[in-house]
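In what follows, a structure is listed as structure tokens, so that the remarks can point back to it.
The values are calculated or read from the model by the stated rules, or taken from the named source; none is laboratory data. These figures come from a predicted structure and were not determined experimentally. Counting neighbours? That spans all protein chains shown, and the Cβs are built from the backbone with ideal geometry, glycine included. Quick note on the areas: whole protein, heavy atoms, side chains included, nothing else; ligands and nucleic acids left out. Shrake-Rupley method; radii C 1.70, N 1.55, O 1.52, S 1.80 Å.
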Amino acid sequence: MTSTRLLRILAWLLLLGLVIVTAGPIGWRPVTPLPAQIERAVALLIIGFVFALAYPRHIWLVALLVFGTTIVLEILQVFEPSRHGRVVDAAVKLVGGAVGLTAGSLVNRYGRH
């Protein structure tokens, strides 16, 4: 299996994991010693980074996927009784995703040979 194929599988599994822990009850959310906003930013940073590496020729579609999913999931939290969707949380996630996408794009352009 090629590294690109493995990256694509990993990217989709990470996104699936995000959907499960974000749209599900609060008890499904993993807890780390980090502040919640850092957790959110890092999670989306990793997802954006892996998607950018996995789909280097489709960065705009990947960005639409990462940002669109982030916004939709934040809205869905409004309908989950144990969760709350907030604009500040969405903003933190979007910034994390943007940093990840940018870093992945830079690695694709300058770091992978």
Problem - Hey, residue 65 more than 19 Å from residue 8 (Cα to Cα) and either at pLDDT 95 or above or open to solvent by 60 Å² or more (accessible area, probe 1.4 Å) (or both) or not - result: no
Exercise for the section: Output the number of the condition that residue 98 fails; it satisfies all remaining conditions of (1) free of Cβ contacts under 8 Å to residues at least 40 places away in the same chain; (2) open to solvent by less than 40 Å² (accessible area, probe 1.4 Å); (3) under 11 Å from the mean Cα position of the chain (by Cα). Expected result: (1)
Exercise for the section: For region 43-59, state whether one or more residues are open to solvent by 50 Å² or more (accessible area, probe 1.4 Å) and without any contact (Cβ under 8 Å) to a residue 12 or more places away in the chain. Expected result: yes
Practice task
Could you list, in sequence order, all residues of region 75-93 that are closer than 20 Å to residue 12 by Cβ and either open to solvent by less than 80 Å² (accessible area, probe 1.4 Å) or of a type in the set (Phe, Trp, Tyr) (or both)?
Solution key: 93
